[in-house]
């Protein structure tokens with residue numbers, strides 16, 4: 001295979017970055033575009049004139065049947081991911097899917113089984129899994145250099161309530177949930193990814209602030225093995241901010257808005273040198289390389305399962321006012 005022929009399902013705002021990265025990859029070819037909205041397709045072609053002759057489809061099943069694809073990108077509202085993932089795998093194409101992978105634990109388990117059955121490459125678009133700083137944290141913890149992780153703190157805030165008002169993200173039929181299931185999904189995924197911890201129990205308090213989906217979420221976690229954690233997702237904030245701290249037996253990782261600082265067991269703080277940092281990538285480049293057999297998948301579907309397990313348990317905890325086993 002000289003080039004991987006990719007079909008894009010969903011050409012809204014989220015797809016634009018994926019399209020730009022694929023167009024820069026010499027081993028990828030965007031071979032089809034699919035969207036139920038003509039205006040979204042038109043805006044995409046206007047932005048990327050090199051796609052003007054690429055076939056367009058209103059239905060992803062028609063595209064899968066006739067476009068001669070090797071792979072698909074799924075950049076659609078959350079609750080339709082499941083059908084599109086399964087349709088793609090059943091058609092024998094490789095799949096990259098935007099987060100969250102799916103909106104129920106059962107659907108996540110179905111997807112993992114289908115990936116195993118088909119043997120196709122599946123990449124979940126969690127870009128933090130490819131960011132050098134988070135890879136550094138993961139590798140340092142996995143190598144045992146700081147001992148056992150004891151406590152985890154994650155905070156994410158943004159103007160999500162106002163920014164998504166009137167859009168599909170506040171419609172549970174399309175979003176499957178609010179900020180915890182949307183951008184909050186990145187926070188949950190990277191905490192689990194870097195620490196290697198599995199969540200045992202969660203107690204959650206959630207405020208919808210008068211809309212149909214969760215906006216502010218406060219989660220207290222107990223991990224398998226006894227580590228503890230807090231996760232705060234604030235959707236009614238005037239600015240974006242992300243703050244992650246991981247305390248281990250012999251060190252601390254401070255990740256503030258993408259900037260990493262570490263403290264050793266004596267409390268000395270430092271920023272890792274550039275030569276210490278792993279090489280970064282993107283889900284899009286990893287997807288093409290994995291299809292061509294050149295590297296392993298950096299963000300496999302298991303993280304979609306782990307995230308929705310925690311998210312679903314948090315929703316249940318908040319709704320039923322009890323601690324929930326994950």
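Data for the structure
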| read-out | value |
| --- | --- |
| Residue 60 free of Cβ contacts under 8 Å to residues at least 60 places away in the same chain, in contact with a helix residue (DSSP H, G or I) (Cβ under 7 Å, 6 or more places away or on another chain) and farther than 21 Å from residue 308 by Cβ | yes |
| Verdict on residue 76 being in contact (Cβ under 8 Å) with a residue 60 or more places away in the chain and touching a helix residue (DSSP H, G or I) at 6+ places or on another chain (Cβ under 9 Å) | yes |
| Residues being over 21 Å from residue 266 (Cα atoms) and surrounded by fewer than 20 Cβ atoms within 10 Å (Cβ to Cβ) - total across region 140-156 | 1 |
| Elements of type strands (runs of 3 or more DSSP E) in region 1-108, at least 2 residues being farther than 26 Å from residue 164 by Cβ and at pLDDT 95 or above | 4-9, 28-34 |
| Criterion (under 21 Å from the mean Cα position of the chain (by Cα) and crowded, with 21+ Cβ neighbours inside 10 Å) met by exactly one of 174, 161, 112 | 161 |
| Region 295-318, residues that are in a loop (DSSP other than H, G, I, E, B) and either within 17 Å of residue 112 (Cα to Cα) or assigned by TED's automatic domain parsing to the domain that holds residue 213 (or both) | 296, 297, 298, 299, 300, 301 |
| Test: residue 128 is out of contact with any helix residue (DSSP H, G or I) (no Cβ under 7 Å at 6 or more places or on another chain) and either in contact (Cβ under 8 Å) with a residue 60 or more places away in the chain or not in a helix (DSSP H, G or I) (or both) | no |
| Exclusive hit being more than 22 Å from residue 193 (Cβ to Cβ), out of contact with any helix residue (DSSP H, G or I) (no Cβ under 7 Å at 6 or more places or on another chain), buried (at least 16 other Cβ atoms within 10 Å of the Cβ) and modelled with pLDDT of 95 or more, set 216, 266 | 216 |
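The values are calculated or read from the model by the stated rules, or taken from the named source; none is laboratory data. Just so it is clear, the structure is predicted and the values come from calculations on it, not from any experiment. Positions of Cβ are backbone-derived with ideal geometry, glycine not excepted, and every protein chain shown enters the neighbour counts.
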